[in-house]
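Colleague: Here you go, one structure.
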Amino acid sequence: AQSVTQLDSHVSVSEGTPVLLRCNYSSSYSPSLFWYVQHPNKGLQLLLKYTSAATLVKGINGFEAEFKKSETSFHLTKPSAHMSDAAEYFCVVSTINDYKLSFGAGTTVTVRA
Amino acid sequence: GAVVSQHPSWVICKSGTSVKIECRSLDFQATTMFWYRQFPKQSLMLMATSNEGSKATYEQGVEKDKFLINHASLTLSTLTVTSAHPEDSSFYICSATATGDGYTFGSGTRLTVV
C-alpha cells in the first residue's frame, strides 16, 4: 500500500525567506512522487515530479524537491518565498499498478509581507 | 503541455435534480480518468477510476447509483450527480492520465445544492 504524510498542516513564512514543506512516503515499490499546488477554488497544478531519475528534482516557480530513499522523504523547498506562493500544497504518491494517486493531507502556506 | 478542461466551473441546482460535470482531455488521449471530491480545508478524496469503454471502479463508500460515471471516449469522462441533495454540495475535481507517469487535473467544479 502507498501512503503519504505531510508533516506540517500549516507553514507561515515571510516574503523573501526560504520555504520548506515536509513529506514522508510509504511505498512497497519504487514510487512516483509529485508535488501539486492548489489555489483557492482552483484545480491542482503540478510543481514537480520524481520518477526514478535524478533525486534532486527541479520544478516550476523556483521549487525543487529531493528524493531520499533512506529517509523515505520528498521535501519541497524554495529559496525565497513570494506572496503568490500562498496556497495549499499536496504531496502525492502514485500506485504503480493501477495509476491511483494517494494524497497527503495538504500543507497551507501563508506568506507574510 | 497536457490540458484537461472541466465544465462547468460552478453550478447551483435544486435538491432532487441531477447535474452533469464534464472532463475533457484536450491534447492527449486519457486512458484513465479519476474523479475526486474535496471538502473545505481538506485533501482530495478519490471517488472513482474510469477507463475508456469500461465501467468505473468506485471507492468504498461511494454510491455508484448516485454518482454516475461515463467514460465514452479517450478524451471525455462525465460525472452525473443524480437526485442531488445539499450534502452533495462540494468541490469535484477530475484528473486524467495517459501513461500513469503524469496526471493533469481539471480546474474543478463547485456544486451547490439548494
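Colleague: Once you have the Kirkwood Rh of the stretch B:1-68 from its Cα pairs, apply Stokes-Einstein at 20 °C and 1.002 mPa s and quote D in µm²/s.
Modeller: The Stokes-Einstein estimate is 155 µm²/s.
Colleague: Once you have the alpha carbon radius of gyration of the stretch B:38-111, what is it after dividing by 2.2 N^0.38 Å, with N set to its residue count?
Modeller: So the stretch B:38-111 has a normalised radius of gyration of 1.11.
Colleague: Set the Förster distance to 25 Å, then compute FRET efficiency between B:Leu26 and B:Thr99 from the Cβ-Cβ distance, nearest 0.05.
Modeller: With a Förster radius of 25 Å, E is 0.90.
Colleague: What is the average number of partner chain Cβ atoms found within 10 Å of a Cβ in B:30-41?
Modeller: Counting other chains' Cβ atoms within 10 Å and averaging over B:30-41 gives 2.
Colleague: Pull up the cross-link candidates among the aspartates and glutamates for A:Lys100, meaning alpha carbon to alpha carbon under 18 Å and not fewer than 8 places away within one chain.
Modeller: Output for A:Lys100: B:Glu52, B:Glu59, B:Asp101.
Colleague: Follow-up question, since we're still on this one. Please identify the longest segment of chain B free of exposed trypsin sites (Lys or Arg not before Pro), where exposed means a DSSP state other than H, G, I, E or B and no more than 16 other Cβ atoms within 10 Å.
Modeller: Here the longest segment lacking exposed loop sites spans B:67-114.
Colleague: Can you give the charge dipole size of the protein assembly as shown about its Cα centre, rounded to the nearest 20 debye, using +1 on the beta carbon of Lys and Arg and -1 on the beta carbon of Asp and Glu?
Modeller: Computed about the Cα centre, the dipole is about 160 debye.
Colleague: Dipole of the stretch A:1-76, Cα-centred, from +1 at each Lys and Arg C-beta and -1 at each Asp and Glu C-beta, to the nearest 20 debye?
Modeller: 200
Colleague: Also, quick follow-up: Any idea how far the Cα center of the stretch B:12-82 sits from the one of the stretch A:39-68, in Å?
Modeller: Result: 25 Å between the Cα centres.
Colleague: What's the long-distance tail for chain A, i.e. % of Cα pairs beyond 16 Å?
Modeller: The proportion of pairs with Cα distances above 16 Å equals 56 percent.
Colleague: Counting pairs of Cα atoms in the stretch A:21-67, how many percent are more than 16 Å apart?
Modeller: For the stretch A:21-67, the fraction of Cα-Cα distances above 16 Å is 42 percent.
Colleague: Same structure again: With only alpha-carbon atoms counted, please give the Rg and Dmax of the stretch A:45-88, in Å.
Modeller: In order Rg, Dmax, the Cα atoms of the stretch A:45-88 give 11.2, 34 Å.
No lab work stands behind these numbers, since they all come straight from the coordinates. Since the structure is predicted, the reported quantities are computational estimates derived from the model, not experimental observations. In this analysis, Cβ positions are derived from the backbone assuming ideal geometry, glycine residues included, and neighbour counts consider all displayed protein chains.
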